[in-house]
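The values are calculated or read from the model by the stated rules, or taken from the named source; none is laboratory data. Keep in mind the model is a prediction, meaning the values are calculated, not measured. Virtual Cβ from ideal backbone geometry, glycine too; neighbours counted across all protein chains shown.
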Amino acid sequence: MKRIFALLLCLLLCSCAVNDATPDTDPITDAPETEDITTEVITEPATTEAPVTEPPEPVIPPSNTLQFDNPNPGIYNYCPSVITEADGTRYIYYCTNKDSYKVIDYVGCRKGTPNADGTYTWSEETLVLSPSADGAWDAHHTCDPSVIKGVFNYNGTEYSYLMAYLGCTSYDNQENKIGLAVANSPMGPFVKVGETPLVDFKLDPSSKVFQWGVGQASLVSMDKAGKVWLFYTRGDKYSTRTVVRECDFSDLNSPTMKNEVTLSTTGLTNLNGGSDFMNNADFVYDPETNRFYSASDCHPNPSDEPNYIGSAFRVNYFKGTQLNRGSWHTVAQIGTAKTGAARNHNVGLARDEYGHLCNSDYITVYYTVSITGNQSLWSYRIYEYNIELK
């Protein structure tokens, strides 16, 4: 009787465990005879795949927003260059003056803390680079900065940040030159490399043509170490153009640089619909698409005062790294109609710490706005514009 009773009990339990399904074999036919038989029933929980969800839409910050201001009169801020660290922190470098209404360029820097809406809250200004003493090649201006991260050795010390900057001794905007400085913190202190410029320029006294020189550098890392693309403007007796050089700055006591390559201008359109040249440009590289994006001023400049800065800027991209061949493709052209400002010039792109694209959804341009008139210099302020990438 005990065996029959146990058999009936086991069948009842197994029937419940399989939802009344009839098993192909009797699970207890060969079980030894015992006084009590205990059957453990293990029910596996049902499993379902997680629902597929779309990634959240990118938070694109508002455009045409003033980034920071200086309460003192007679101060200008222009020509921004921006790096974004891995945690989202940004550092913005730009040209400014130290003393009110005194036109001597320093490099200022502010640390940016990201906000939920994609904007940044900027710290107070720190001057991270100053003109050298009288007699030096950069004794009057130090400006137009560009900074990247990497591995750079100088005088036996390894540094993590490299800055290229414009220096000069002239007051007539001619004979500009390019120098380097290094640091182990984004906000310095920056140490100038050597006592001579990296890229020199000499006026040709036989020519009466305005000879701006070299400057407005943009650094992009090739290997996240010491190899770098160095872009800059060259304005000599022949023309004004943008050039690039492949450089190895691993050892700054013995840097190596290949010859200049002049960038293609095919595809660049001026404000009148004709062909244009490129100067005063910033660059960012996107390794995923193998594209270089550039932001630069559009021409011609307006005829009213100030006539030496532009009313619009453009963003273009170039496929591949052979920048002396092929065409530029237009992403956007931004001018007074979109910003509401009379002058929109001296632009820089938001980049990661190696000069690469931060976000594949949109590109951020930091640009300089100003009013018209002979006092426009003191109105130079830095704004932000965001452009979706299709």
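Say whether the condition of being touching a residue at least 60 places away in the same chain (Cβ under 8 Å) and under 20 Å from Cys79 (Cα atoms) is met by at least one residue in segment 130-140. No, that holds for no residue. Could you tell me whether Tyr385 is hydroxyl-bearing (Ser, Thr, Tyr) and in contact with a Pro (Cβ under 9 Å, 6 or more places away or on another chain)? Taking the combined requirement at face value, the residue does not satisfy it.
If you check Ser311, Ser360 for being over 25 Å from Glu246 (Cβ atoms) and modelled with pLDDT of 95 or more, only one passes: Ser311.
Being at positive phi and either surrounded by 14 or more Cβ atoms within 10 Å (Cβ to Cβ) or without any contact (Cβ under 8 Å) to a residue 60 or more places away in the chain (or both) holds for only one residue in Gly273, Gly310, and it is Gly273. If the condition is being outside any strand (DSSP E or B) and either closer than 16 Å to Tyr380 by Cβ or among the basic types (Lys, Arg) (or both), then segment 303-335 contributes Glu305, Pro306, Asn307, Tyr308, Ile309, Gly310, Ser311, Arg325. Taken over segment 76-112, the criterion of being aromatic (Phe, Trp, Tyr) and either over 14 Å from the mean Cα position of the chain (by Cα) or within 15 Å of Trp378 (Cα to Cα) (or both) is satisfied by Tyr76, Tyr78, Tyr94, Tyr101, Tyr106. Where the second residue is assigned to a strand (DSSP E or B) and of a type in the set (Val, Ile, Thr) and the first is surrounded by 15 or more Cβ atoms within 10 Å (Cβ to Cβ) and lies in segment 56-75, which pairs have Cβ atoms under 8 Å and are six or more apart or on separate chains? Note: pairs meeting the criteria are Pro61/Thr364; Gln67/Ile92; Gln67/Ile382; Phe68/Ile382; Asn70/Thr96; Ile75/Thr96. Among what's in segment 276-289 and is touching a Ser or Thr at 6+ places or on another chain (Cβ under 7 Å) and not in a loop (DSSP other than H, G, I, E, B), pick the residue that is farthest from Val228 (Cα to Cα). Residue satisfying both the conditions and the ranking: Asp282.
Of the numbered criteria (1) closer than 22 Å to Glu85 by Cβ; (2) assigned to a loop (DSSP other than H, G, I, E, B), the one Val365 fails is (2).
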